[in-house]
Amino acid sequence: MYVIIAECRVQPDHLDDFLAASRDDARGSVRDEPGCLRFDVLQETGDPTRVWLYEVYQDRAAFDHHLTTPHFHRWNELTRDWLSEPMRGATCAPVILTEAIRADAPRG
């Protein structure tokens, strides 16, 4: 698995548009990319202009494919000037996943 977590600091006057564009990208990713296993858009409760993207792909190749899709290009083009600072991101390796915990739980 290949996991991306990205922090987006969005200008307040573009927040609604950023969320709409992110919804479109997430929907296209999950619907049209077999290698995209999860794409969540999260908004911090204490600071709504801080938006996190949590993306899980089958592998690095699936993420690289995501970067070539029309919905990603549309999102990237629309949102680049709506950020108040450069996006920060990290790639992560899954260590403990909910699915594994549920599979290990005793059935009763």
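Data for the structure
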| read-out | value |
| --- | --- |
| Subset tally (residues that are more than 22 Å from GLU85 (Cα to Cα), touching a residue at least 24 places away in the same chain (Cβ under 8 Å) and either buried (at least 17 other Cβ atoms within 10 Å of the Cβ) or of a type in the set (Val, Ile, Thr) (or both)) for the range 20-51 | 5 |
| Odd one out for ARG31 among (1) in contact with a strand residue (DSSP E or B) (Cβ under 8 Å, 6 or more places away or on another chain); (2) within 24 Å of MET1 (Cβ to Cβ); (3) not hydrophobic (A, V, I, L, M, F, W, C) | (1) |
| Any hit, the range 88-103, residues being among the polar types (S, T, N, Q), part of a helix (DSSP H, G or I) and at pLDDT below 95 | yes |
| From the options ASP13, ASP17, residue that is free of Cβ contacts under 8 Å to residues at least 24 places away in the same chain, under 21 Å from PRO86 (Cβ atoms) and exposed (fewer than 15 other Cβ atoms within 10 Å of the Cβ) | ASP13 |
| Residue that is surrounded by the fewest Cβ atoms within 10 Å (Cβ to Cβ) [pool: residues in the range 74-101 that are within 27 Å of ALA20 (Cβ to Cβ) and among the acidic types (Asp, Glu)] | ASP81 |
| Qualifying residue in the range 54-69 (condition: exposed (fewer than 10 other Cβ atoms within 10 Å of the Cβ) and modelled with pLDDT of 95 or more) | yes |
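The values are calculated or read from the model by the stated rules, or taken from the named source; none is laboratory data. Please read all numbers here as calculations on a predicted model, not as lab measurements. Because the Cβ atoms are built from the backbone with ideal geometry, glycine has one as well, and the counts that use them run over all protein chains shown.
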